[in-house]
Structure formats: structure tokens, C-alpha cells
Amino acid sequence: MASALEMRGITKFFASSSVLASNNVDFSVQAGTVHALVGENGAGKTTLMNILYGLISPDSGDILIDGQTVKITHPDDAIRNKIGMVHQHFKLVPSFTIAENIMLGIEPSQMGFINRTQEADAVRKLSEEFGLPVDPTLRVQDLSVGMQQRVEILKSLQRDARILILDEPTAVLTPQEVRELYVIIRRLADEGRSVILITHKLIEVIEIADHLTVMRRGQVVGTDDVKNVTVKEIANLMVGREVILTVDRKPATPGQVVLKVEKLLVADNNGLPAITGVDLEVREGEILGLAGVSGNGQTELIEAIAGTRQIDSGHVYLFDTDITTSTVKTRRNKSMAHIPEDRMTTGLNLRTNIDENIVVTMYDHDEYHNGNLLRYGKIRDLARTLIQKFNIKSAQVGEGISTLSGGNLQKIVVARELEGNPKFIIANQPTRGVDVGSIEFIHQTLIDTRDAGTAVLLVSVELDEILALSDRVAVIYEGQIMGILEGDDLNKETLGLLMAGANIDDIVGATL
């Protein structure tokens, strides 16, 4: 089969961070296939694809499209060569409509004015052609993450992309949206397009890809047909060692109630009820999982507990203290930590450096300030310690973080929130976009904190993660807790039924 793309001898050195991100890399993709590009955070995957898309200039190497050498120094060059890229963090204009985003730069016009009717009609036709229905008039800021991704894909297809790069496309999708995306990817490949899939989810590689390339430390360490490898073999090749894919945990020994939620009522951003009468308890020395299809109130519930969303009625207690109206700082001072689901806007400030991002929740501790002056030496020591402990690749003390991979950004958040031995941790999608080796480390760290007596509230759309880590699981559906499972009742089938709105008494009673 012909190669749609060849990258030969691609090398890129970032002098600012002394990182050789791409070391004489050869990479090729056949037409009409799905090619997975995998590796640890910082292995060089996104850098290689950013070079292909013209966002980064290589120091050396060649790019060939359909056997012809091309020069790509800007995304415009990539688009002219029919290359499209859907970034992990979308590049859409929130205040624009779907049609305006998809047609940006190629708008139909008459006498110098954009024809909005033709613009919307073109998007409708495109969406029908590829089986990706959208309403062209909706604004991007009002869309779910899955729908925003659909818009990004349509934007590339409108420009007739024959090579489509998808960077961590399922990191923020619900299971239903993931299955829909699989269908889209397979259809694009069957039509003769080439899809490059950057992912940390190795099950996805097995399920959807035809071929894979594994990178480690800026080099290609393996290329093969997916049918020839197992998930464990891929994981070991990525990390360069034996990876433990199962979590080793002993039974929990829960103690007193740390967090108590009573009859909570919380509204969404439109003022509509999102949480209606929720009761919940998390005890010391246990992990309580919160499972549910995305959009059923998890975000509003967690923000209410963390103090970033107003509570309309009900109460939240931390160690028997009513914190319903307490500030975020007060909650943190009472030993609450929060790993937020959105690291880019809530978890981090990308315009500053790693030191400030790590110390931002504890800068007022005596160890890190003296009167009105910060102890910068102590802060740098903390940053250096956490970079090493959490293996945050390419991160340098005192340097900015905007160029780090999504997984390494996540590790900064996790490292900061677990520092200081908090007594209650909200872990909201803690391994989203993180490589298999780091997942192993974060999972074990959460288990270790549980064993040390910490109460953990784990929120995840990954049922395997919920089942692997949780001692009990609360299932949320349309803003209500449908039931709490533990022991023999805790399995995927029962969880799935409750997530769809079934009554727990009917389910558990039917299985007795």
C-alpha cells in the first residue's frame, strides 16, 4: 500500500529547555489507514505532529506527501497539502457560531459582505456528507466538548484534509462520544484518508488502529501492525520497563466521616437545577468513586463541594464543620485538595512558570513566605522536588509551562494538590491525558494516600479507573444519586444500568 506521508530524519532541539524532542525520527503512514502514535508524556509525539502541521520548524529532516517532498513552515502550507489537525486543546472561537468557525477564512461573500445563509448551508451539506450532524447557528461556547471536537473535525474536512491528525481525541469525551468518534475515524480511513491518532489509551489503539509507532525520549522505538501486539507489550515499549496495569490495593479500613453532603441543591450556568437533593458521605481511609455519564451534574456537584459554585440549599460539612458558604481558601486551610477536571483554565496559569503554579495554593504558608516577601529558594526547592517525584518531563525550575504536553501539565496539578498530605482530596479525572506509566504512578499514589487515612472523592468517566480504585461507588444520573455500590454489587453491568437511570432496588433485588 502506498505511503500517504513520510517524515525522514526529523530532528528538533529546544534550546530554551535543553530538550531533544525529536531525534532523527522516521515516520510513515499509509493511505486509507489509522496509524496510532503512542509514547509517554514528553516522548515527542505532539512535537512531531506540530512539525508536520507547520507549527514548529524542524532543525533537519524531510517531509514527503504522496512521494513528493514538500516544504511546510506554516499551517497554511499544511492545509494546502491537505493536512488537518485537531488539537488536544481546541482552537475554536467560543463566541462564534459553528458555521463561522468551520468557514473561518473561506467565507462565501457577496459584494464584500459575508453571506451567512450560504455559510450555514455549506456547513449543513458538509455535516450531512460525513454523517456528523451539527446546527450551524449554535455558538461554540454553548456546545459540549464532544460537539466542539466534531466542529474541529468538520473544519479540517471542509479544507479537504487527506491526512487528519487527532491529538488525544478521546481525553475529554464520554463513552458514548468515544464510540461515535470510532465510527467517524473508521469511515474516514475507509474513504481513503489517513488518520494519525495520538493517544495514551492503549485499548483504543487495539480497537481502532491498523498500525502503530511507539516513541520514547524523542526517538522511534518500535513500529508494527496492531494485530501483532498486545496492550502490555505496547505499554512496556512506551515506558522501557515492565508496567503494572493492575492496581495493587488491600481492603479499605474506613474511619470517621470526613465529608458530608446533605440535601444539596445546585443550579447550572443557565440557572436550571443540576443537583437535586444529593446526600453523600466520604470517610477517612476510603476512595468513594462518583460514576456517571458526563453532563449529569458531576461538574456542578464537585464545584459546590470545592467552593467554586454557589449552593442554593443544603449543606456541606468537612470534619463536622459547616463549610457551605466558606471560601476556597478556607476549605484548603481545613485540609481539602482539589484536582479539577479542566487543567487548562481551572488547574493552571499557563502564562507563568512551574514554580508559581506549584506554590499558588500554599504561598501563604510560613515555609514559603516571610512577611510580605516570598522565599523563592524554598519555592524552587519544592518545584524541583515535585518535578523529580512525579517525573514531569521537559519541566525546568523557573521556566514557563505553556509548551509542556497535556499529560505533563496534568502531573503538575496532581503533584501540587497531593503535596502537604491533605485529609480530603477531590480527584476529578486525575489521569485524563496522562500516559500509562504516569497513570500507574498516580493510581498508586491515590491508594497510598487512602491507606494513610485520607478521604478521596474520585470522579472519572473511565469505568475501569472507577472500578480499579474505588471502595464504594456512587452513581449520579440527572443530578441525583441513584445508588451506592460496594462489594459484590460493584461491577460494570450494575454501574451501567444505574448510569442509565435504573432504580438500584430493582437491580440489586433482581440479582439476589
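The values are calculated or read from the model by the stated rules, or taken from the named source; none is laboratory data. Bear in mind that the values here come from a model prediction, so they are computed numbers and not experimental data. No Cβ is skipped: glycine too gets one built from the backbone with ideal geometry, and neighbour counts run over all protein chains shown.
Tabulated data for the structure shown
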{"item": "Failed criterion for HIS200 (all others in (1) surrounded by 18 or more Cβ atoms within 10 Å (Cβ to Cβ); (2) not in a loop (DSSP other than H, G, I, E, B) hold)", "result": "(2)"}
{"item": "Those residues of segment 119-134 which are loosely packed, with under 15 Cβ neighbours inside 10 Å and either hydroxyl-bearing (Ser, Thr, Tyr) or part of a loop (DSSP other than H, G, I, E, B) (or both), in sequence order", "result": "GLY131, PRO133"}
{"item": "Residue pairs meeting the criteria (Cβ under 7 Å; at least 6 apart or on separate chains; first surrounded by 15 or more Cβ atoms within 10 Å (Cβ to Cβ), in segment 56-67; second assigned to a loop (DSSP other than H, G, I, E, B))", "result": "ILE63/ILE72; ILE65/ASN81"}
{"item": "In segment 323-341, the residues that are surrounded by 15 or more Cβ atoms within 10 Å (Cβ to Cβ) and in a loop (DSSP other than H, G, I, E, B)", "result": "ILE323, THR324, SER326, LYS334, SER335, PRO340, GLU341"}
{"item": "Positions within segment 185-195 being over 16 Å from ALA171 (Cβ atoms) and either touching a strand residue (DSSP E or B) at 6+ places or on another chain (Cβ under 6 Å) or crowded, with 21+ Cβ neighbours inside 10 Å (or both), in sequence order", "result": "LEU188, ALA189, ARG193, SER194, VAL195"}
{"item": "Per-region count, segment 298-315, residues under 14 Å from ALA274 (Cα atoms), touching a Ser or Thr at 6+ places or on another chain (Cβ under 8 Å) and either in a loop (DSSP other than H, G, I, E, B) or free of Cβ contacts under 8 Å to residues at least 40 places away in the same chain (or both)", "result": "1"}
{"item": "ASP225 being surrounded by 14 or more Cβ atoms within 10 Å (Cβ to Cβ) and acidic (Asp, Glu)", "result": "no"}
{"item": "Unmet criterion (only one of (1) closer than 16 Å to ASN101 by Cα; (2) of a type in the set (Asp, Glu); (3) crowded, with 21+ Cβ neighbours inside 10 Å) for ASP160", "result": "(3)"}
{"item": "ARG216 closer than 30 Å to ARG450 by Cβ and either surrounded by 20 or more Cβ atoms within 10 Å (Cβ to Cβ) or not small (Gly, Ala, Ser) (or both)", "result": "no"}
{"item": "GLY105 assigned by TED's automatic domain parsing to the domain that holds LEU173 and either among the charged types (D, E, K, R) or without any contact (Cβ under 8 Å) to a residue 12 or more places away in the chain (or both)", "result": "yes"}
{"item": "Residue within segment 16-32 that is touching a Lys or Arg at 6+ places or on another chain (Cβ under 9 Å), farther than 25 Å from GLY192 by Cα and hydroxyl-bearing (Ser, Thr, Tyr) present", "result": "yes"}
{"item": "Boolean, ASP464 is surrounded by fewer than 18 Cβ atoms within 10 Å (Cβ to Cβ), within 21 Å of the chain's Cα centre (by Cα) and without any contact (Cβ under 8 Å) to a residue 40 or more places away in the chain", "result": "yes"}
{"item": "Members of segment 59-95 found to be polar (S, T, N, Q) and within 16 Å of LEU154 (Cα to Cα), listed by number", "result": "GLN88"}
{"item": "Candidates GLY314, GLY289, GLY285, GLY307, filtered to the one that is under 23 Å from ILE412 (Cα atoms), buried (at least 17 other Cβ atoms within 10 Å of the Cβ), over 22 Å from the mean Cα position of the chain (by Cα) and modelled with pLDDT of 95 or more", "result": "GLY307"}
{"item": "Criterion (surrounded by fewer than 17 Cβ atoms within 10 Å (Cβ to Cβ) and either modelled with pLDDT of 95 or more or among the β-branched types (Val, Ile, Thr) (or both)) met by exactly one of ASP320, ASP279", "result": "ASP279"}
{"item": "Helices (runs of 4 or more DSSP H) lying entirely in segment 1-118 (those with 2 or more residues that are more than 27 Å from the chain's Cα centre (by Cα))", "result": "75-80"}
{"item": "Candidate set from segment 203-231 (those that are in a loop (DSSP other than H, G, I, E, B) and touching a residue at least 40 places away in the same chain (Cβ under 8 Å)); member that is farthest from the chain's Cα centre (by Cα)", "result": "ASP210"}
{"item": "Residue among LEU318, LEU348 that is touching a Phe, Trp or Tyr at 6+ places or on another chain (Cβ under 8 Å) and among the aliphatic types (A, V, I, L, M)", "result": "LEU318"}
{"item": "Pair list, Cβ < 6 Å and 6+ apart or interchain, from segment 180-202 residues that are in contact (Cβ under 8 Å) with a residue 40 or more places away in the chain and more than 12 Å from ARG150 (Cα to Cα) to residues that are assigned to a helix (DSSP H, G or I) and among the charged types (D, E, K, R)", "result": "ILE198/LYS45"}
{"item": "Given (1) closer than 30 Å to VAL25 by Cβ; (2) of a type in the set (D, E, K, R); (3) at pLDDT below 90, number of the condition ASP190 does not satisfy", "result": "(3)"}
{"item": "Checking LEU259 against (1) assigned to a strand (DSSP E or B); (2) surrounded by fewer than 16 Cβ atoms within 10 Å (Cβ to Cβ), the condition it does not meet", "result": "(2)"}
{"item": "Those residues of segment 262-276 which are buried (at least 19 other Cβ atoms within 10 Å of the Cβ) and farther than 21 Å from MET336 by Cα, in sequence order", "result": "ALA274, ILE275"}
{"item": "Odd one out for VAL178 among (1) within 19 Å of HIS87 (Cα to Cα); (2) surrounded by 22 or more Cβ atoms within 10 Å (Cβ to Cβ)", "result": "(2)"}
{"item": "Test for ILE234: is it in the same structural domain as LEU55 (by TED's automatic domain parsing), in contact (Cβ under 8 Å) with a residue 12 or more places away in the chain, crowded, with 18+ Cβ neighbours inside 10 Å and assigned to a strand (DSSP E or B)", "result": "no"}
{"item": "Tally, over segment 151-174, of residues that are in contact with a helix residue (DSSP H, G or I) (Cβ under 8 Å, 6 or more places away or on another chain) and within 19 Å of ASP342 (Cβ to Cβ)", "result": "9"}
